[in-house]
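Colleague: Take this structure first; my questions come after.
The values are calculated or read from the model by the stated rules, or taken from the named source; none is laboratory data. Since we're looking at a predicted model, the values are computed, not measured. Ideal geometry is used to build each Cβ from the backbone, glycine not excepted, and the neighbour counts take in all protein chains shown.
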Amino acid sequence: MAFPIFKEFITTHTIKDLISERGEGSIVDGEENISIQEVYNKFLEYNLRCLPIYRLENGNKTYTGYITLFDLIPADVLKVVEEKYQNGEGDIEKIVDNIEYFKQPIKTILKNINLELKIISQEVTIRELIQILSKFNHYCLIKIDDNKYEIVNQYDLVAYLFNHIEKIDDELLDQTAKDCSGIVIKKRIAKVEGRVPLEYFKDIELPKFVKMSYKQTALEGFKLLLENKVECVAITDDDNTIISVLTSGNIRGLNPEALKEIVKPILPFLKAALDDIPEPRTCNSSYTIIQLIKKLMHYQTRRLVMVNSENEPFGIVSMTDIVNSLNIEEMTKLE
């Protein structure tokens with residue numbers, strides 16, 4: 001797999017070209033001593049997926065890491081709420097009112113997350129950026145000059161490549177949702193097993209797809225996200241048909257009042273917390289890369305749920321899968 005057209009394009013274009021097309025944006029960040037509640041508020045106000053955190057040193061910003069939506073799912077708080085509520089230690093409002101979690105500075109949880117915010121030059125090639133965003137972080141801080149930074153994420157990268165779709169070889173574009181889904185896991189298996197043909201992966205059983213009943217509580221749903229280390233759980237009705245999704249994005253705007261609703265069934269919780277019940281964005285297993293990207297761009301989402309002809313969910317195709325599907329360095333290793 002040589003992919004000559006795509007290889008030429010991503011080798012000769014840089015992050016500077018990407019930012020030029022996308023347009024420059026104001027970076028939203030947070031000082032390490034702001035409260036966890038202030039971080040939640042920033043995610044909601046600016047519709048963020050990532051918040052760089054900095055430390056002030058002699059009046060200058062030194063970035064120390066970043067927080068994502070998944071990191072904001074308060075595992076320890078959920079555990080306390082569950083234990084006290086099930087043990088009958090007061091009603092949910094009193095339990096939540098006694099929790100000090102939201103008042104802590106964000107640096108108290110940042111040190112436990114250990115997510116390095118990768119800072120790179122705008123002269124880095126698109127080829128290198130693909131490798132970084134598929135292997136390390138889903139976000140990069142781009143240094144424009146001593147006092148100016150931009151954030152580039154997987155969504156920006158995929159949007160840029162889609163704008164130059166004619167520069168992507170047909171062999172890459174012909175990949176389907178079935179090919180892309182779980183490709184990160186497939187590549188990890190390949191590295192363990194050594195260099196193997198693609199046929200090796202046909203019978204590989206991927207991790208169980210995570211779903212929940214609409215009758216389960218929001219608390220149970222967030223526990224599923226954490227326990228399975230996934231960012232999306234499909235919500236199904238009695239016929240196993242998908243009716244909504246719970247994602248890490250639903251954590252935006254979490255505050256003590258919203259937390260008091262977490263023992264309710266998932267749909268009433270989403271209605272109360274988001275003032276809406278999210279419509280699931282779906283695809284079928286035969287969607288091509290082009291169709292997948294079009295739908296991801298249209299709905300400005302990071303993932304699509306794969307469904308069968310009965311609208312029953314059975315898998316996920318994420319933005320990470322798309323980026324990995326365009327990482328020709330890794331694809332070549334699987335030949």
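Colleague: State which residue is farthest from I73 (Cα to Cα) when the search covers only segment 115-126 and only residues that are touching a residue at least 24 places away in the same chain (Cβ under 8 Å) and under 21 Å from the mean Cα position of the chain (by Cα).
Modeller: By that ranking, first place goes to I126.
Colleague: I would also like to ask the following. Take segment 232-284 and flag every residue that is assigned to a strand (DSSP E or B) and either on the phi > 0 side of the Ramachandran plot or out of contact with any Gly (no Cβ under 8 Å at 6 or more places or on another chain) (or both).
Modeller: As a first pass, look at segment 232-284 and keep what is assigned to a strand (DSSP E or B): 232-236, 242-247, 265, 282-283.
Result: C232, A234, T236, I242, I243, S244, V245, T247, P265, T282, C283.
Colleague: May I pose another question? Quick check on L270: is it over 27 Å from L78 (Cα atoms), within 20 Å of the chain's Cα centre (by Cα) and surrounded by 21 or more Cβ atoms within 10 Å (Cβ to Cβ)?
Modeller: Details: over 27 Å from L78 (Cα atoms): no; within 20 Å of the chain's Cα centre (by Cα): yes; surrounded by 21 or more Cβ atoms within 10 Å (Cβ to Cβ): yes.
It is false that L270 is over 27 Å from L78 (Cα atoms), within 20 Å of the chain's Cα centre (by Cα) and surrounded by 21 or more Cβ atoms within 10 Å (Cβ to Cβ).
Colleague: Check D156 against each of (1) surrounded by 13 or more Cβ atoms within 10 Å (Cβ to Cβ); (2) closer than 20 Å to R127 by Cα; (3) more than 19 Å from the chain's Cα centre (by Cα); (4) at pLDDT 95 or above and name the one condition it does not meet.
Modeller: (3)
Colleague: Does segment 320-330 contain any residue that is crowded, with 17+ Cβ neighbours inside 10 Å and in contact with a His (Cβ under 9 Å, 6 or more places away or on another chain)?
Modeller: Pass one, segment 320-330, residues crowded, with 17+ Cβ neighbours inside 10 Å: 320-328, 330.
Right, trim to in contact with a His (Cβ under 9 Å, 6 or more places away or on another chain) and you get 320, 323.
Within segment 320-330 (the criterion being crowded, with 17+ Cβ neighbours inside 10 Å and in contact with a His (Cβ under 9 Å, 6 or more places away or on another chain)), the answer is yes, since at least one residue qualifies.
Colleague: Tell me, please, whether a residue that is under 17 Å from S181 (Cα atoms) and part of a helix (DSSP H, G or I) can be found in segment 298-310.
Modeller: no
Colleague: Which pairs have Cβ atoms under 7 Å, sit 6 or more apart or on different chains, and link a residue in segment 85-106 that is farther than 19 Å from L72 by Cα and modelled with pLDDT of 90 or more to one that is of a type in the set (D, E, K, R) and not in a loop (DSSP other than H, G, I, E, B)?
Modeller: Filtered contacts from segment 85-106: I95/K84.
Colleague: Out of all the residues in segment 302-317, is one or more of a type in the set (S, T, Y) and touching a helix residue (DSSP H, G or I) at 6+ places or on another chain (Cβ under 9 Å)?
Modeller: no
Colleague: Looking at segment 71-92, which of the residues that are acidic (D, E) and in a helix (DSSP H, G or I) is farthest from C50 (Cα to Cα)?
Modeller: E83
Colleague: Is it true that E128 is surrounded by 14 or more Cβ atoms within 10 Å (Cβ to Cβ) and assigned to a helix (DSSP H, G or I)?
Modeller: yes
Colleague: I would also like to ask the following. Scan I95, I99, I19, I109 and give me the residue that is assigned to a helix (DSSP H, G or I), more than 21 Å from N137 (Cα to Cα) and not acidic (D, E). Explain how you work it out, then say what you get.
Modeller: Numbers: I99 fails: assigned to a helix (DSSP H, G or I); I19 fails: more than 21 Å from N137 (Cα to Cα); I109 fails: more than 21 Å from N137 (Cα to Cα).
Checking each option against the conditions leaves just I95.
Colleague: K111 - would you say it is modelled with pLDDT under 95, touching a Gly at 6+ places or on another chain (Cβ under 9 Å) and exposed (fewer than 13 other Cβ atoms within 10 Å of the Cβ)?
Modeller: Working: modelled with pLDDT under 95: yes; touching a Gly at 6+ places or on another chain (Cβ under 9 Å): yes; exposed (fewer than 13 other Cβ atoms within 10 Å of the Cβ): yes.
When the stated conditions are applied, K111 passes them.
Colleague: So which residues in segment 273-288 are in contact with a helix residue (DSSP H, G or I) (Cβ under 8 Å, 6 or more places away or on another chain), within 23 Å of K42 (Cα to Cα) and either at pLDDT 90 or above or surrounded by fewer than 21 Cβ atoms within 10 Å (Cβ to Cβ) (or both)?
Modeller: L274, D276, I277, P278
Colleague: May I pose another question? Restricting the first residue to segment 13-25 and requiring it to be basic (K, R), which pairs with a second residue that is outside any loop (DSSP other than H, G, I, E, B) meet a Cβ separation below 7 Å and a spacing of at least six or different chains?
Modeller: R22/D156; R22/Y160
Colleague: Additional query: How many residues does segment 43-78 contain that are surrounded by 16 or more Cβ atoms within 10 Å (Cβ to Cβ) and under 17 Å from the mean Cα position of the chain (by Cα)?
Modeller: 16
Colleague: Taking segment 80-92 only, how many residues are out of contact with any helix residue (DSSP H, G or I) (no Cβ under 9 Å at 6 or more places or on another chain) and under 19 Å from F269 (Cα atoms)?
Modeller: Keep residues of segment 80-92 that are out of contact with any helix residue (DSSP H, G or I) (no Cβ under 9 Å at 6 or more places or on another chain), which gives 83, 86-88.
Still in the running and under 19 Å from F269 (Cα atoms): 86.
Result for segment 80-92: 1.
Colleague: On to the next question. Of all residues in segment 171-188, which are outside any helix (DSSP H, G or I) and modelled with pLDDT under 90? Steps first, please.
Modeller: So the first thing to find is which residues in segment 171-188 are outside any helix (DSSP H, G or I), and the list is 174-176, 181-182.
Answer for segment 171-188, where residues must be outside any helix (DSSP H, G or I) and modelled with pLDDT under 90: S181, G182.
Colleague: Mind counting the residues in segment 22-55 that are in a helix (DSSP H, G or I) and farther than 22 Å from S248 by Cβ?
Modeller: 1
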